[in-house]
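The structure appears below as structure tokens.
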Amino acid sequence: MSFCDYHSNKHSRWTCTQCHKNLCDQCLVTEPNQGPVCGSCGGQVEYTPNKADVVPFWNRVGDFFAYPFQKDPIMLIAITLIIGVASTAIPFGWVLLLLWVFVQTKYGFSVIEKVANGKMEAPSLMDSISGGGFELTIKTIGVFILTSLMTFGASYLGAIPGIIASLFFTLALPMSIMILATQEDLISAVNPVNLMQAMWRIGWSYLLVYLYLIMMAMCSITLLGMLFEWFGLVAGTLTGVASFIYFGLVMYSLMGYLIHQFRFELQVGPSENDLKVRSKNNTQETKIRIALADGRFEKALDYIESEIKKPSFNPALLDTYQKTLAFTQHRDRLLTISEIVLKNLKDQDLSLYFSRILGEIWKHEPKWEMENGVQALEFSQYLNDVGDYQLSFRMLKNIYKNQRDNETRNDMLDLMAKLLRDNLNQPQMADKVLLIKQAPTQRKHTQVKKMPTQPSDSNDLKLV
Ligand SMILES: [Zn+2]
Ligand SMILES: [Zn+2]
């Protein structure tokens with residue numbers, strides 16, 4: 001039993017055909033218009049049998065006894081009783097009865113087939129009635145004829161070979177039925193080598209199921225006797241037939257389940273359920289997690305950036321992003337996407353993340369300024385609203401000098417003055433800021449390009 005290469009405590013269910021990694025369901029990604037692929041390299045994956053997918057029949061015994069209590073099996077029992085009664089009243093009723101026995105057998109095989117595929121919902125009775133396909137019933141008769149012939153043949157060699165053959169085919173009978181249900185081949189179903197091999201692969205569980213089957217057959221017969229005593233001949237027969245079919249269906253479902261449980265040993269292939277991916281995971285986040293686990297940090301950063309540029313992203317990704325940036329010494333990457341990330345954070349009203357990212361930027365790149373003045377003013381107002389006055393002021397204290405648009409510039413200075421006066425406890429500075437605002441803007445306008453490179457003048461605000 002192998003484990004996922006990315007989850008040491010999870011069983012792997014897939015192997016990548018390209019990078020040969022063992023993967024669990026959570027380590028697959030689903031690309032648009034494509035089935036699930038390897039989360040590491042995007043290669044096709046193959047299902048690899050996993051014992052953890054197998055629930056042994058002894059943990060599901062209750063399900064087999066409950067199996068006949070489904071719509072179609074109950075209908076089967078009801079119709080059998082109706083036909084049973086009707087066949088005594090009409091001429092050639094036995095023909096009808098015989099045909100119905102064929103339907104029942106066919107239905108039994110569909111039960112085995114469906115349960116063998118891991119499905120406990122009963123098959124449709126209508127499908128067994130219509131559409132012909134009674135070969136399996138005829139082949140079942142073939143199994144009895146051929147095994148009897150072989151037993152007779154063996155008894156010609158002596159008493160002991162006869163007894164051995166008889167015991168063997170009796171023991172192998174459920175296996176013959178199971179092979180018939182899955183392979184639909186009469187010769188395989190009676191071939192002693194084939195039967196021996198299949199029973200050997202299942203091992204002692206086969207004997208256990210065999211005991212169950214004998215037990216149920218005996219229950220059925222004992223019950224029949226009791227029903228005759230209790231209800232008399234007619235009612236006893238009817239309830240007896242019902243219980244006979246009930247136990248038959250329990251046995252069919254159990255045989256089907258035995259095939260399902262040992263599907264890998266019997267090489268019948270994975271069931272549909274095996275091939276289902278059982279967790280719905282976020283494709284991008286899986287790719288990020290696996291790229292990080294693989295040590296492909298640049299790729300991981302690319303994935304994270306493409307995510308955090310989206311309007312509503314999972315803010316937890318920012319933690320991963322910051323850690324990865326710090327670890328790989330790539331902090332400068334944050335600067336290239338900072339404005340859009342900040343805008344997304346503001347739009348989602350994630351003020352703590354907003355302040356944290358901004359603080360991180362200025363901690364490592366003190367000269368960084370926003371490019372878009374209108375946006376900077378908006379951010380500053382947002383920071384003011386959420387009570388982060390220091391950062392709100394810092395956002396504007398240099399950028400106002402670059403503003404050509406008087407209105408924006410004046411709004412910035414107003415906000416700065418307000419912050420200084422009301423929140424930062426610097427009323428004198430606030431007055432100075434308002435003086436800048438009143439200065440002739442025309443002159444400022446011509447000088448504006450030089451402003452950022454000029455050394456600090458008296459108006460510069462060394463606050464933050
Ligand atoms: Zn791969
Ligand atoms: Zn995994």
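Each value in this text was obtained by applying a stated rule to the coordinates, not by laboratory testing. The structure presented is a predicted model; accordingly, all values stated were derived computationally and were not measured. Positions of Cβ are generated from backbone atoms using ideal geometry, with glycine treated the same way; all protein chains shown enter the neighbour counts.
Quick one: putting +1 on the C-beta of Lys and Arg, -1 on the C-beta of Asp and Glu, what dipole do you get for the chain around its Cα centre, in Debye to the nearest 20? Please list the in-between numbers first.
Values: 43 positive and 43 negative charges, 282 e Å.
The dipole magnitude comes to about 1360 debye.
If I fit a long axis through the Cα atoms of helix 332-347 and take the longest principal axis of the Cα atoms of the chain, what angle between them do I get, 0 to 90°, rounded to 10?
In the chain, helix 332-347 runs at an angle near 80 degrees to the longest axis.
Once a ≥ b ≥ c are taken as the square roots of the eigenvalues of the Cα gyration tensor of region 348-399, is the result rounded (a/c under 1.5), prolate (a/b larger than b/c) or oblate (a/b not larger than b/c)?
Because a/c hits 1.5 or more and a/b fails to exceed b/c, region 348-399 counts as oblate.
Tabulate in residue order the Karplus-calculated ³J(HN,Hα) for region 364-379, using 6.51 cos²θ - 1.76 cosθ + 1.60 with θ = phi - 60°, rounded to whole Hz; enter x for Gly and Pro.
So the Karplus estimates, Gly and Pro as x, are 9, 9, x, 8, 5, 9, 5, 8, 8, x, 4, 5, 4, 4, 4, 4 Hz.
Would you mind giving the average projected area, over all directions, of the Cα convex hull of region 229-336 in nm² with one decimal?
Averaged projected hull area, Cα only: 14.1 nm².
Report the extension gain between Phe327 and Ile129 in nm, rounded to one decimal, defined as 0.36 nm multiplied by the number of residues separating them, less their alpha carbon distance.
Residue separation times 0.36 nm, minus the Cα-Cα distance, leaves 64.5 nm.
Starting from the Kirkwood radius over alpha-carbon pairs of region 271-319, derive D by Stokes-Einstein at 10 °C in a medium of 1.306 mPa s and give it in µm² s⁻¹.
My calculation gives 131 µm²/s for D.
Specify the angular offset, from 0 to 90 degrees and rounded to the nearest 10, of the alpha carbon long axis of helix 427-438 from the longest principal axis of the alpha carbons in the chain.
It is inclined by approximately 80 degrees.
Within 10 Å of each candidate Cβ there may be at most 10 other Cβ atoms; applying that plus a DSSP loop requirement, which trypsin sites (Lys or Arg not before Pro) in region 287-357 survive?
For trypsin sites (Lys or Arg not before Pro) across region 287-357 that sit outside H, G, I, E and B with at most 10 neighbouring Cβ atoms in 10 Å, the list is empty.
If packing is taken as the average number of other Cβ atoms within 10 Å across a peptide's residues, how do 408-416, 43-51 rank, most packed first?
408-416, 43-51
Evaluate 2.2 N^0.38 Å with N set to the residue count of the chain, then give the Cα radius of gyration divided by it.
Here the Cα radius of gyration is 1.73 times the empirical estimate.
Kindly write out, for region 311-317 in residue order, the coupling ³J(HN,Hα) from the Karplus curve 6.51 cos²θ - 1.76 cosθ + 1.60 (θ = phi - 60°), rounded to whole Hz, with x marking Gly and Pro.
Those phi angles translate into x, 10, 10, 6, x, 4, 4 Hz.
Separation between the Leu167 and Thr30 pseudo-spin-labels, each 7 Å from Cα along Cα→Cβ, expressed in nm?
With each label point 7 Å from Cα toward Cβ, the separation is 5.4 nm.
Picking from Leu335, Gln18, Ile399, whose Cα lies most toward the positive end of the charge dipole for the chain (charges on Cβ: Lys, Arg +1; Asp, Glu -1)?
The residue sitting farthest along the positive end of the dipole is Ile399.
How do the peptides 21-34, 93-106 rank, highest first, by the average count of neighbouring beta carbon atoms within 10 Å per residue?
So the peptides 21-34, 93-106, ranked by packing, come out 21-34, 93-106.
Which residues' amide hydrogens lie under 5 Å from the amide hydrogen of Trp14, considering only partners 5 or more residues apart or on another chain, with H built in the peptide plane?
Amide H to amide H, under 5 Å and 5 or more residues apart or across chains, Trp14 pairs with Leu23, Thr48.
Assuming R0 = 35 Å, can you tell me the calculated FRET efficiency for the pair Trp368 and Gln18, based on Cβ-Cβ distance, to the nearest 0.05?
According to the calculation, E is roughly 0.25.
Would you list, by chain and number, the lysines whose Cα falls below 18 Å from the Cα of Lys139, excluding same-chain residues fewer than 8 positions away?
Lys106
Beyond 19 Å between alpha-carbons counts as too far, so tell me which of Lys343/Lys432; Lys51/Lys276; Lys280/Lys309; Lys397/Lys437; Lys10/Lys51 fall in that bin. Walk me through the numbers before you get to the answer.
Working: Lys343/Lys432 31 Å; Lys51/Lys276 16 Å; Lys280/Lys309 23 Å; Lys397/Lys437 13 Å; Lys10/Lys51 12 Å.
Listed pairs above 19 Å: Lys343/Lys432; Lys280/Lys309.
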